[in-house]
Amino acid sequence: MTVYQNLDSPATRNMKGIPMDNAWQSLLPYAAALGIGATLIMDAWALLLKRAFDIPSLDYAMVGRWLGHLPRGHFRHDGIGRSAPIAGEKTLGWAAHYLIGILFAYLLLALCGPGWLIRPTPLPALAFGLVSVTAPFLILQPGMGAGIAARNTPNPNTARVRSLAAHAAFGTGLYFSALLLAIFLA
């Protein structure tokens, strides 16, 4: 495809060097920066809740365990903690956490266009962060045995509010990471 040719030409970049052609490869470095930054802010929020209020966060080793069982054809578990451990599950879970953050950041850029990086606004980032909670509600939580939107947990509404707050932190992180990136690109 010709869209991937001459990505460094003046016609495909703006004054800050951001590719304006929507070629997926050219957006990856920006998505990586936004996704990592946003996920770090999400993790900082979880750490604050843990230290200030003793509120536990998601155990990413369990995410790794769930992912490790997928190639074996096991999507849904009655309780992921009772499933057989997977070698390297903690590393796998944390790596997936950050890769998913990058994927979500890429989707935000694909929806808003690369021009959003020039003058980021909070509404798209916050809205996308909140909408991204559908992934754990509809995929991760049911797969790990918690049911759709944590309905099988002892306190489903508490779990839902925590998930929404975590994803709001992610959306906030997308916005502030974009602001920081815009400063570096200036």
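The values are calculated or read from the model by the stated rules, or taken from the named source; none is laboratory data. Just so you know, these numbers come straight off a predicted model, no measurement behind them. Positions of Cβ are generated from backbone atoms using ideal geometry, with glycine treated the same way; all protein chains shown enter the neighbour counts. Side chains are part of the model used for accessible areas, which takes the heavy atoms of the whole protein and leaves out ligands, DNA and RNA. Shrake-Rupley method; radii C 1.70, N 1.55, O 1.52, S 1.80 Å.
Quick notes
- One residue alone among Leu70, Leu109 is buried (at least 17 other Cβ atoms within 10 Å of the Cβ) and assigned to a helix (DSSP H, G or I), and that residue is Leu109.
- Residue list for the range 135-162, restricted to those being more than 22 Å from Leu49 (Cα to Cα), part of a helix (DSSP H, G or I) and not aliphatic (A, V, I, L, M): Pro142, Gly143
- Some residue of the range 74-89 being within 22 Å of Leu40 (Cβ to Cβ), open to solvent by less than 40 Å² (accessible area, probe 1.4 Å), assigned to a loop (DSSP other than H, G, I, E, B) and modelled with pLDDT of 95 or more: no
- Considering only residues in the range 5-27 that are under 26 Å from the mean Cα position of the chain (by Cα) and open to solvent by 70 Å² or more (accessible area, probe 1.4 Å), the one that is modelled with the highest pLDDT turns out to be Gln25.
- In the condition set (1) surrounded by 15 or more Cβ atoms within 10 Å (Cβ to Cβ); (2) over 18 Å from Thr39 (Cα atoms), Leu126 is compliant with all but (2).
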